[in-house]
1. Defining a contact as two alpha carbons under 8 Å apart and six or more residues distant in sequence, what relative contact order in percent does the chain show?
2. Would you tally the net charge around C281, using a Cβ to Cβ cut-off of less than 10 Å, leaving C281 out, and scoring K and R as +1, D and E as -1?
3. Could you give the length gained on full extension between T71 and T139, defined as 0.36 nm per residue of separation minus the Cα-Cα distance, in nm?
4. Given springs between every Cα pair under 10 Å in a Gaussian network model of the chain, which of N127, N85, N227 has the largest fluctuation?
5. Which residue, H88, H201, H261, has the most motion in a Gaussian network model of the chain that connects Cα atoms within less than 10 Å?
6. Okay, which of the stretch 47-72 sit inside 19 Å, backbone N to the point 7 Å along the Cα-Cβ direction of S37?
7. Between L233, L253, L15, which gets the highest mean-square fluctuation from a Gaussian network model of the chain, Cα cutoff 10 Å?
Amino acid sequence: MLNSNLLRKLDMQDLMVFVAVYEQSSVTAVSETLGVSQSTVSYSLKKLRTGFKDDLFINTRSGMRPTYKATTMHEHVLKILEGINFCHSGAQTFDPTLKAVTFNIGASEYFELLVLPRLLRNFDFANLPVIINVQKLDTALPVDELRDGSLDLVICFGPDFQHSHANFKSRRLIEDEMVYVFDKRATPPQSRPSLRSFVEHRHVLPPHRTFDPHTVDHKRQLIARSNSYRAALKMITGTDLILTLPRRIQRLLANDAVFSHCEAPNGLPGFTLDMQWSEACDQDSANTWLREQVVKACVKQEMA
């Protein structure tokens, strides 16, 4: 809101006249610079003096001398004009071709295997000097790192495995489900085992939690915990151990010549791959560009 209704009568040209007179000290010079008549300049000065209740400029032999109030106003009027220009042109768009840039992403092996290769191929095809630094994501969301900018994005499992926090935004990227993987030489399980027979079997734990630990994980007979999907598959080779993998990972890594799979039992939930970022970065052009690229890579993965 404005302090005075008189200020409502001012327009952009009046502010431009103010700045020009302040800097050039001559109505004639301002008239030529702005391409308007001297009477137009004088009229704008009259409106400015009325609106701000001050002479603003005093006519002297050496030119138009600004008053104390005009001097204090000058910087603020400049900012108003700069703000108007910014609103007209919009925020500076991030251009990844201008210089090398590094993005820090907190993510799991799932992201590295399924999404990151497509993302990097897209960058390579466009010859973009973009570096992606992936930091291993633990079970807890790295809240502080997102808030202080150490991480640009976090790619995490959802919908309930990493809880959302205030001042974060999120977007769902991929939906997936679990399958039951075993060595082909092992005794084949039921086509879709019951939840009871599933938890009674001996398991190798994959490198991320995909179940509620209070309802399923603690009931399973865990033989080993792996740090990677490939290692987990090695662990069950030649044994009767089972491994529950995301379907997309099973299709990617579980060689059909060695492994078989069946549907996971009813009662085991599917999961999502979600993207989270700080609300403070929501309008940042570089962060926005990165999120768009991740989404494009995930769309290709969903269509695969």
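1. With pairs under 8 Å counted, the relative contact order is 20 percent.
2. The answer is -1.
3. Stretched out fully, the T71 to T139 stretch lengthens by 18.7 nm.
4. N85
5. H88
6. Hits in the stretch 47-72 for S37 at 19 Å: 47-48.
7. L15
Only the coordinates and a few stated rules stand behind these numbers; no lab work does. Since the model is a prediction, treat every value here as computed from it, not as a measurement. Neighbour counts are summed over all protein chains in view; Cβ atoms, including those assigned to glycine, are modelled from backbone coordinates with ideal geometry.
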